[in-house]
Amino acid sequence: MDENTLYAARDPQGIRPLVLGRLERGWVVASETAALDIVGASYIREVEPGELIAVDEDGLRSRHFAEKAPKHCLFEFVYLARPDTLMNDQRVHSVRVDIGRRLAREFPVEADLVMPVPESGTPAAIGYAEESGIPYGTGLVKNSYVGRTFIQPSQTIRQLGIRLKLNPLRDVIEGKRLVVVDDSIVRGNTQRALIRMLREAGAREVHVRISSPPVKWPCFYGIDFATRAELIANGLSTDEIARSIDADSLGYVSLDELVEATTVPKDQLCRACFDGVYPVKLPEPEHLGKHLLELGEIIDADGVRTSVGGGGASDSLDRP
């Protein structure tokens, strides 16, 4: 933006969302429709992949600077987008509730209570409860003044964030067989700490259900994600992850069921964090911000060898 013109462009793959809105006396652009609601703007449409918009005193102009090849981020539907946002003409909350229903069909269990890890696990937990017939309840109280723990810059800060972020309601969970629904497992720290808290508060069984497939690959498209070496699903099976976090059982929604819930064709979604297929070619390892995409080494101009490999999380079972 300069003194006279507002510009907005979306990459040819449209990996991140971008929407156009209308105010009574002007235009607005935002990453999500929820932002339009807040400022009182009307949602007009998505900015198309490969489209450039310019707004000045003469109004709005649009042109395409590249041929579109849609690859919308699948993880936006799981976690990143706000639940009150509209994506692909669907409310994200409704998509997440449907994912929860699918999760209940794929991984049923006998239990007394379905509870979310707030807030991101709430819609899927509602869907799981509706489909399974198990009562829905709130077993964890969230501190609203703590940010998202998976993007905190260090392990120490993340773990402190987890302790500050959630507290169990003992009278709700004591003696109960619980289904705990969360959106994803990245490093396993949050779930491990939660299950410990729930068992200390008297939970009889803890069955974890995840509304995304195992996250095995880092994101290089604008999200501060874990390196591959930190991802617990890289190197461990589902049963091993369940043991690592001390869950009685663990189930992830399948990739195909997740894709179906979005109603977006599979070939128009970026699924890289789940299947390792990156729609936009990545730079050579030495030019990446995270040097752990694959096992290997870099040899610099002086012949010095530097390891850049991440061996996965196979040591997770041995961690305290």
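Bear in mind that the values in this text are calculations on the coordinates, not laboratory data. As the structure is a computational prediction, the values presented were derived from the model and not from experiment. Here Cβ is always computed from backbone atoms with ideal geometry, including for glycine, and neighbour counts include all displayed protein chains.
Considering Cα pairs under 8 angstrom that are at least six residues apart, work out the relative contact order of the stretch 6-70 and quote it in whole percent. That works out to 39 percent.
Stretching residue 23 away from residue 63 to a fully extended chain increases their span by 12.3 nm, per 0.36 nm per residue minus the current alpha-carbon distance.
Mind listing which chymotrypsin sites (Phe, Trp or Tyr not before Pro) in the stretch 42-133 are in a DSSP loop and have 16 or fewer other Cβ atoms within 10 Å?
Taking the stretch 42-133 and a limit of 16 other Cβ atoms within 10 Å, the loop chymotrypsin sites (Phe, Trp or Tyr not before Pro) found are 65.
Pairs from the table (68/281; 165/266; 68/266; 142/266; 165/216) lying more than 23 angstrom apart at Cα are 165/266; 142/266; 165/216.
Within straight-line reach of residue 176, meaning a Cα separation under 12 Å, sit the following aspartates and glutamates at least 8 residues removed in sequence or on another chain: 110, 112, 205. Relative protection proxy for 109-119, 178-188, from highest mean packing down: 178-188, 109-119 (other beta-carbon atoms within 10 angstrom).
What GluC sites (Glu not before Pro) in the stretch 1-89 are in a loop by DSSP, with at most 15 other Cβ atoms within 10 Å of the Cβ?
Values: sites: 3, 24, 32, 46, 51, 57, 67, 76; in loops: 3, 24, 32, 57, 67.
Of the GluC sites (Glu not before Pro), the ones in loops of the stretch 1-89 whose Cβ has at most 15 other Cβ atoms within 10 Å are 3, 24, 57, 67.
The modelled label-to-label distance for the pair residue 144/residue 90, using points 7 Å beyond Cα in the direction of Cβ, is 2.9 nm. Model label sites at residue 31 and residue 106, defined 7 Å from Cα along the beta-carbon direction, differ in position by 2.6 nm.
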